[in-house]
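Only one structure is covered here, and it is reproduced in the block below.
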Amino acid sequence: MSDININTTLNTTQIVARSRRAQRRRQALIAYAFLAPSLVIFLIFRHLPALASLILGFFDWSMLAPPQFVGLDNYINLFHDAVFWRSLGNTALFTVMTVPTDILISLGLALLINQKLPGMRIFRMAYFIPVVTATAIVAVVWRWLYQPSGLINEVLQLSGLSAINWLSDPRFALPAIAIMAVWKHVGFNMLIFLAGLQSIPAEIEEAAHIDGAGRWATFSSVILPLLRPVILLAVILTTIGSFQVFDAAYVMTNGGPVYATTTLVFYAYQQAFDQYSMGYAAAIAFVLFVIILVISLLQRLILKGDEDVY
């Protein structure tokens with residue numbers, strides 16, 4: 001009798017397990033069915049063009065004649081192209097100027113507005129408004145500010161300093177765009193850091209204060225380590241955005257003066273739509289993709305420390 005009960009229990013357990021697996025499969029199928037339209041659109045308009053761009057890098061195509069296979073000629077020509085190396089250097093310098101500045105300012109703003117004081121919601125909204133404003137509009141406004149008779153030079157002259165040709169001097173054109181880019185993007189990282197700060201339990205900070213830790217010790221030894229994943233995300237996203245800068249350089253300086261603000265994306269655009277060299281532009285885009293991938297992986301390795309990065 002006991003054997004029969006045991007067998008009955010095992011059969012019931014197996015039936016329940018199969019029923020649960022079938023239910024999970026049905027739920028997964030329903031989820032995929034709802035996601036399928038978006039996934040198909042994402043595949044068509046994102047991954048297929050990326051794959052086509054990779055293939056196009058091996059062809060010479062001016063859009064006026066059929067593509068001709070040239071193998072690695074486009075990539076070989078890149079290594080002998082002085083403008084390509086100049087644009088790569090400009091992009092790297094722009095990233096170095098913007099990423100650390102953006103991260104530090106946005107973290108400081110997040111710490112400031114993470115206070116339970118009246119009116120903080122207004123400040124959060126005010127700092128985020130530039131993020132949702134079109135870059136072209138922001139660039140036009142900042143181009144006016146950077147004019148020889150613009151507001152920035154007037155402030156400098158009132159302070160006893162000489163005016164600067166921000167957008168026509170090769171020494172200042174790229175830093176001028178970097179300043180604008182940081183101003184526009186800092187609110188995005190501020191919200192990321194603010195979400196990270198608000199996810200830290202208050203009991204942890206209270207325990208640190210009870211143990212005698214001051215504000216700096218609490219921040220450096222408690223808050224900052226807990227924000228490590230958030231910092232990793234912000235650094236990677238900001239770096240990727242910096243390497244893809246285009247519209248600000250296009251609107252404010254058109255890549256000048258003397259290629260001082262020509263970035264990789266801007267140079268690829270010129271090759272594609274000014275020189276009609278689509279294969280060469282595709283090769284530049286693929287090199288940019290590889291650079292961003294390598295830098296993102298290196299940042300992940302460095303910022304994650306001893307943690308498993310895969």
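The values are calculated or read from the model by the stated rules, or taken from the named source; none is laboratory data. All of these numbers come straight from a predicted model, not from anything done at the bench. Note: ideal-geometry Cβ built from the backbone for every residue, glycine included; neighbour counts use all protein chains shown. Ligands, DNA and RNA are excluded from the accessible area calculation, which covers all protein heavy atoms including side chains. Shrake-Rupley method; radii C 1.70, N 1.55, O 1.52, S 1.80 Å.
Dividing the C-alpha radius of gyration of region 44-118 by 2.2 N^0.38 Å, with N its residue count, gives 1.89. Working note: Karplus 6.51/-1.76/1.60 with θ = phi - 60° gives region 135-144 the couplings 4, 4, 5, 4, 5, 5, 5, 5, 5, 5 Hz, where Gly and Pro are set to x. When the distances between all Cα atoms of region 127-229 are binned every 10 Å from zero, what whole-number percent does each bin get? Calculated P(r), rounded to whole percents: 13, 28, 21, 19, 16, 3. Give, as a single signed number, the net charge of other residues whose beta carbon lies under 15 Å from the beta carbon of Ala217, with Lys and Arg counted +1 and Asp and Glu -1. Net charge in that neighbourhood comes out at -2.
With springs only between Cα atoms under 10 Å apart, run a GNM on the chain and tell me which of Ala110, Ala65, Ala22 wobbles the most. Residue with maximal mean-square fluctuation among Ala110, Ala65, Ala22: Ala22. In the full protein context, region 105-253 carries 56 Å² of accessible surface per residue, based on a 1.4 Å probe and ignoring ligands, DNA and RNA. Contact order, relative form, for region 150-304: 23 percent (alpha carbon pairs under 8 Å, 6 or more residues apart, mean separation divided by residue count). The alpha carbons of region 196-310 occupy a box of 66, 33, 21 Å along the principal axes, longest dimension given first. Charging the Cβ of each Asp and Glu at -1 and of each Lys and Arg at +1, and nothing else, the dipole of the chain about its Cα centre rounds to 960 debye.
Taking the square roots of 5 times each eigenvalue of the Cα gyration tensor of region 154-195, largest first, gives ellipsoid semi-axes of 29, 14, 6 Å. State the percentage of accessible surface on the chain attributable to carbon and sulfur atoms; use a 1.4 Å probe and exclude ligands, DNA and RNA. Solvent-exposed carbon and sulfur of the chain make up 68 percent of the total.
Grab the DSSP H runs of the chain that are 4 residues or longer, score each as -39,500 (n - 2.57), total them, divide by all residues and round the 222 nm result to the nearest 500 deg cm²/dmol.
Value at 222 nm, helices only: -23500 deg cm²/dmol.
Amide H contacts of Phe59 (H built 1.01 Å from N, in plane; Pro and chain starts excluded): Val70 sit under 5 Å, all sequence-distant by 5 or more or on other chains. A Cβ-based charge dipole, computed about the Cα centre of region 89-187 with Lys and Arg at +1 and Asp and Glu at -1, lands at about 320 debye. First select every other residue whose beta carbon is under 12 angstrom from the beta carbon of Gln115; then total the charges, Lys and Arg +1, Asp and Glu -1. With Lys, Arg at +1 and Asp, Glu at -1, the net is +3. For region 11-147, the square roots a ≥ b ≥ c of the C-alpha gyration tensor eigenvalues yield an a/c of 1.5 or more together with a/b not exceeding b/c, which makes the shape oblate.
Shape analysis of the chain yields a ratio of the Cα radius of gyration to the Kirkwood radius, Rg/Rh, of 1.12. The order of the peptides 174-182, 202-210, 233-241 by mean Cβ neighbours within 10 Å, most packed first, is 174-182, 233-241, 202-210.
Using C-alpha pairs under 8 Å with a sequence gap of at least 6, the mean separation divided by the residue count of the chain gives a relative contact order of 27 percent.
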